[in-house]
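Engineer: Got a structure for you, written out below as structure tokens; questions coming shortly.
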Amino acid sequence: MKTLKLKLIGINSKIIPNILIDGKMVKCKKNEFGSYETTVETEKDVVEFAITRDLELKSKLWWLYAFLSFIVSVFGIFEPFYDRKCITIDCLFKLKLNELNEVNVKFHPFANEGKAVELETPNEYEEIKNGYLLDKTAKKRWIALLIIKIIVWIGLGILAGFLISKLI
Amino acid sequence: MQPQTTTSPLKQDFMNFLIRLGKIFSNMSIVLVLLCLCGIFSFAGTAIVIIICVFIIIITVGTIFLINPNFFSLFTNIVEVTGGISTFFLENFYIFAGLTIATSILSLILLVLDRRTKHVARIVLSSVVLAVALICLIVIAVGVAG
């Protein structure tokens with residue numbers, strides 16, 4: 001049985017990435033220094049190590065969730081904003097394992113492009129993908145939502161004005 | 001060792017939606033608790049306005065009525081307006097308090113459900129809001145009973 005100790009350094013608390021080992025999501029725990037740690041045990045000699053990030057506006061039912069949130073939050077008054085930057089993480093590494101393996105994953109500051117992480121490990125590894133990406137679909141949806149909200153707010157304002165003028 | 005888990009994207013998206021709802025309820029509970037507090041403080045506000053006006057009359061030994069002949073009507077107008085506001089808040093207090101308690105409990109449940117991120121600040125805030133709403137409810141209930 002091989003042990004893989006992962007440490008994620010420099011993560012923004014608002015942007016928690018998904019860590020996948022051979023396609024399975026791994027839960028990480030925050031330590032006292034603000035880094036995230038996890039230990040994985042496996043029989044394999046080589047594992048695929050991926051880092052991704054969920055965007056709410058990338059989900060299949062995003063329009064339904066956005067609509068329900070808008071209604072529940074009293075037409076968006078109490079609604080927290082969707083992530084405006086729409087940046088995803090796309091990292092995939094193939095990592096050769098020894099008996100005990102320590103991997104430190106250093107995150108670069110969030111950007112529209114460029115390398116996302118730096119791996120610090122004595123193990124051999126192959127970097128297949130490593131970068132921050134601007135998700136254009138999510139960005140388009142974010143802009144569409146903003147336009148729809150503005151139109152609804154203007155409509156509601158006009159309706160409120162009409163009702164008040166009727167009452168007075 | 002941390003367990004490896006497979007969460008389907010649809011389930012994860014639904015979880016994200018529930019967390020969003022939790023945040024919405026948390027935001028709502030903050031505004032609603034302020035409305036509850038308005039119910040209590042507007043009542044005190046009316047009393048403060050009356051005390052200030054009486055104090056002005058005493059300090060000026062009544063000469064305020066010579067300086068400003070409209071002082072009494074001004075005083076009664078202010079008391080009327082503040083009284084109207086406090087009546088509105090007190091009449092609707094139980095609605096505000098009920099909604100505050102419901103939204104803060106819902107936000108607490110939904111935010112605690114999130115196993116990926118700990119929403120410590122929001123959970124603490126919602127707990128404080130819940131406590132304040134309950135205290136306000138007891139204060140008003142005791143006041144009405146008294």
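The values are calculated or read from the model by the stated rules, or taken from the named source; none is laboratory data. Every value quoted in this text rests on a predicted model; they were computed, and no experiment measured them. As a convention, Cβ positions derive from the backbone with ideal geometry for all residues, glycine included, and neighbour counts pool all protein chains shown. Please note that ligands, DNA and RNA were not included when accessible areas were found on the heavy atoms of the full protein model with its side chains. Shrake-Rupley method; radii C 1.70, N 1.55, O 1.52, S 1.80 Å.
Engineer: Picking from B:Val33, B:Val79, which residue would you name as being in contact (Cβ under 8 Å) with a residue 24 or more places away in the chain, open to solvent by less than 50 Å² (accessible area, probe 1.4 Å) and more than 27 Å from B:Leu130 (Cα to Cα)?
Structural biologist: On inspection, the qualifying residue turns out to be B:Val79.
Engineer: Answer yes or no: is there a residue in region A:22-40 that is touching a residue at least 12 places away in the same chain (Cβ under 8 Å), in a loop (DSSP other than H, G, I, E, B) and either hydrophobic (A, V, I, L, M, F, W, C) or within 16 Å of B:Pro9 (Cα to Cα) (or both).
Structural biologist: Yes; the residues of region A:22-40 include at least one that is touching a residue at least 12 places away in the same chain (Cβ under 8 Å), in a loop (DSSP other than H, G, I, E, B) and either hydrophobic (A, V, I, L, M, F, W, C) or within 16 Å of B:Pro9 (Cα to Cα) (or both).
Engineer: If I ask for residues that are part of a loop (DSSP other than H, G, I, E, B), farther than 14 Å from B:Lys23 by Cβ and at pLDDT below 90, which ones from region A:51-83 would you list?
Structural biologist: A:Arg53, A:Asp54, A:Leu55, A:Ser59, A:Lys60
Engineer: Shifting gears a bit: Can you find a residue that is under 20 Å from B:Gly22 (Cβ atoms), under 18 Å from the mean Cα position of the chain (by Cα) and touching a residue at least 40 places away in the same chain (Cβ under 8 Å) anywhere in region B:93-102?
Structural biologist: yes
Engineer: Continuing with this model, one more query. Restricting attention to region B:90-128, which residues are assigned to a loop (DSSP other than H, G, I, E, B) and either open to solvent by less than 80 Å² (accessible area, probe 1.4 Å) or at pLDDT 95 or above (or both)?
Structural biologist: B:Asn92, B:Asp114, B:Arg116, B:Thr117, B:His119
Engineer: Please enumerate the residues belonging to region A:113-166 that are of a type in the set (Asp, Glu) and over 26 Å from A:Ser69 (Cβ atoms).
Structural biologist: Hits for region A:113-166 are A:Glu113, A:Glu118, A:Glu120, A:Glu124, A:Glu126, A:Glu127.
Engineer: Looking at (1) exposed (fewer than 15 other Cβ atoms within 10 Å of the Cβ); (2) under 18 Å from A:Lys139 (Cβ atoms); (3) out of contact with any helix residue (DSSP H, G or I) (no Cβ under 9 Å at 6 or more places or on another chain), which one does A:Asp90 not meet, given that it meets all the others?
Structural biologist: Just one mismatch for A:Asp90, condition (1).
Engineer: In addition: Would it be correct to say that B:Asn68 is closer than 30 Å to B:Val124 by Cβ, away from every other protein chain (no Cβ under 14 Å), surrounded by fewer than 18 Cβ atoms within 10 Å (Cβ to Cβ) and out of contact with any strand residue (DSSP E or B) (no Cβ under 7 Å at 6 or more places or on another chain)?
Structural biologist: no
Engineer: Same structure again: Please name all residue pairs, on different chains or six or more residues apart, with Cβ atoms under 6 Å, provided the first residue is in region A:42-61 and is open to solvent by 40 Å² or more (accessible area, probe 1.4 Å) and the second residue is acidic (Asp, Glu) and in a loop (DSSP other than H, G, I, E, B).
Structural biologist: A:Glu48/A:Asp22
Engineer: On to the next question. Of the conditions (1) open to solvent by 70 Å² or more (accessible area, probe 1.4 Å); (2) in contact with a Ser or Thr (Cβ under 8 Å, 6 or more places away or on another chain), A:Pro17 satisfies every one except a single condition; which number is it?
Structural biologist: (1)
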